[in-house]
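Quick note: the coordinates plus some simple rules give every number you see, no bench work behind them. None of these values were measured; they are calculated from a predicted model. Every residue, glycine as well, gets a Cβ built from its backbone with ideal geometry; the counts of neighbours run over all protein chains shown.
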Amino acid sequence: MMDKVGSYRENRERLARRLRTLWTWELFDSFFFPALIVFYARALQRSVGPSTIYSVGLVTWLLWQGSAYWWLKLQALRTEAEIETKHLRWFRVLKRLNWILIGLLPISLAVKGLMSTSFASTFDLVASMALWGLAVLEQVNYYYYQLMYDYAPDWRYLIKQKKLKRSSLRRALERTEGPVQESESDSFKASSEQEKGD
C-alpha cells in the first residue's frame, strides 16, 4: 500500500515538473521568436514588413494559449481537479478564431500579389512564410494532434500505437462535449503504470 502511495506521489511530482516546464518554455518562446526576428533583421540589415510582423504576432498569440493551458493543467493537478469548464469554453472559441487569423495571411498575400506589391525584402518573405507555417503547426499541436515528442513516454506511445497522439487540449475539450474519455488523474497514473501520460 505504501509503495503504491509513494509511486502515486512520485508520478504526480514528475508530471508537475513536466507541466511547469511546458508552460514556462511556451511563455519564453513567445518572447524569443519576436526577439529572434528583430536580431536577424538587424544583423542582416534587412527590412521586415506587415506580413512578418503579423506572422510573428500570430505565433506569439498561439504560444500564449499553449502556456495558459499548461498552467491551468498544472493548477488542476495540484488540486486533483479538472480544468474548469469555463476556461475550456474559451479555448473552444480560440480554436475557431485561430483558423480565421491564420487564414487572413494567405488572403492578404493574394491581394498583395494582385496589387503587384512586393515584400520589404527576401528576408521578409522567408520569415513571414516560415512563421506562418509554424503558426499552423502550433494550432495542430495544441488543438488536434501532438506533434512534439520530446518525452520518453510519448515516444513509447508513438512506437507502440503507430499513430499520432491526440493533443491534451483536444482531449480536454472533448470531455466537455460528451462522455468522459480520459481523466487528468488517469493521465498521470498511466504515465507510471503504462507510461502513456501527457
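Roughly how many whole Å is it from the C-alpha centroid of segment 31-57 to that of segment 145-170? If you average the Cα positions of each part, the centres end up 32 Å apart. Modelled spin labels at LEU137 and TRP61, positioned 7 Å past Cα toward Cβ, are 2.0 nm from each other. Between TYR145 and THR117, residue separation times 0.36 nm minus the direct Cα-Cα distance comes to 6.4 nm. Of the chymotrypsin sites (Phe, Trp or Tyr not before Pro) found in segment 103-132, no site is in coil according to DSSP while having at most 12 other Cβ atoms within 10 Å of its Cβ. Scanning residues 5 or more positions from TYR145 or on other chains, those with amide H under 5 Å from its amide H are SER167, with H placed 1.01 Å from N in the peptide plane. Phi-derived couplings, Karplus 6.51 cos²θ - 1.76 cosθ + 1.60 at θ = phi - 60°, listed residue by residue for segment 19-35: 5, 4, 5, 4, 6, 6, 6, 4, 5, 4, 4, 5, 9, 5, 5, x, 5 Hz, with x used for Gly and Pro. Among ASN141, TRP70, VAL126, whose Cα sits farthest toward the positive end of the charge dipole of segment 2-193 (+1 at Cβ of Lys/Arg, -1 at Cβ of Asp/Glu, about the Cα centre)? Of the listed residues, the answer is ASN141. Rounded to the nearest 20, the size of the Cβ-charge dipole of segment 2-193 about its Cα centre is 200 debye, with Lys and Arg at +1 and Asp and Glu at -1.
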